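In what follows, a structure is listed as structure tokens, so that the remarks can point back to it.
Read the figures in this text as sums done on the coordinates, not as results from a lab. All values derive from a computational prediction rather than experimental measurement. Virtual Cβ from ideal backbone geometry, glycine too; neighbours counted across all protein chains shown.
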Amino acid sequence: MRSTLAAVMLVAISRWQGARFPATWREWRPFAALATFSCALPFVLLGFAQQRIDSGLAAILVATTPMFTMLFGLRSAGRRPAALQWLGIALGLGGVVALVGYDSLSTLGAATLPQLVVLFVAVSYAVGIRVATQTYSYAPTVSGACTLSLASLILWPISLAVEAPWSMQPTADSWIALVLLVLLGSVVASILYYQVIRMAGATFVSLSTYLNPPVAIVAGALVLGEGLALSALAAMLMILAGVALVGRRPA
């Protein structure tokens, strides 16, 4: 439902802007790949894996996405990543490990299948990010609308078969959470995703997987009054330094 509602909103915004939509299957192919690798597969596979491994370990494994994105970039045209960018990738990943806790790595290898599934999700995200670079000729709202529309077509049959949504009884808080996810997590996030990938490139966009844990911790401190340790601040500085190195333009 989240993807469907967001797709409807993005289609409406795109039509209001008078933006051009893809007209042929050849033009739709990148969006079909994005719907598969950036939405459908991650949503389904992470739901499976995170019921079987700790969320901290899952965050670390997903944070390998920039590494895969940069590796895939070695095969594409253009300049190769600089040594400082590789250092930034390593520094950011180290910051994620420090932030979620080194203890999270203690279960690495204990549940092989779900851990491999999360690693596959990281690869899937990286593939999607690389494919997104083929959509520059469309407005970010159109790219988001096309991707989420096709993702909905993939996810609805799975949801109907596995979750039986008609039997659910959502609370008022659940509806509020859905609205926030649609507006912020899908509509706004999709527009920013395609806009930033135009401006800064694929590898830089993939660093969003580094920022999820610190954003969650800061939100917990501000909204829920949770403590913010000095070690967490140091880890977040590591992550920010890694992002800065990867995004650094050569002189």
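Taking segment 152-200 as the range and being of a type in the set (V, I, T) and part of a helix (DSSP H, G or I) as the test, the residues that pass are I154, I158, V162, I176, V179, V182, V187, V188, I191, V196, I197. In segment 23-30 there is at least one residue that is part of a loop (DSSP other than H, G, I, E, B) and either in contact (Cβ under 8 Å) with a residue 12 or more places away in the chain or not acidic (D, E) (or both). Enumerate the pairs (first residue in segment 1-16 and without any contact (Cβ under 8 Å) to a residue 12 or more places away in the chain and over 9 Å from V182 (Cα atoms); second residue anywhere and among the hydrophobic types (A, V, I, L, M, F, W, C) and not in a helix (DSSP H, G or I)) with beta-carbon separation below 9 Å, excluding pairs fewer than 6 apart on the same chain, so at least 6 apart or on different chains. Correct list of pairs: R15/F21. Considering (1) surrounded by fewer than 20 Cβ atoms within 10 Å (Cβ to Cβ); (2) part of a loop (DSSP other than H, G, I, E, B), the lone condition that I53 does not fulfil carries the number (1).
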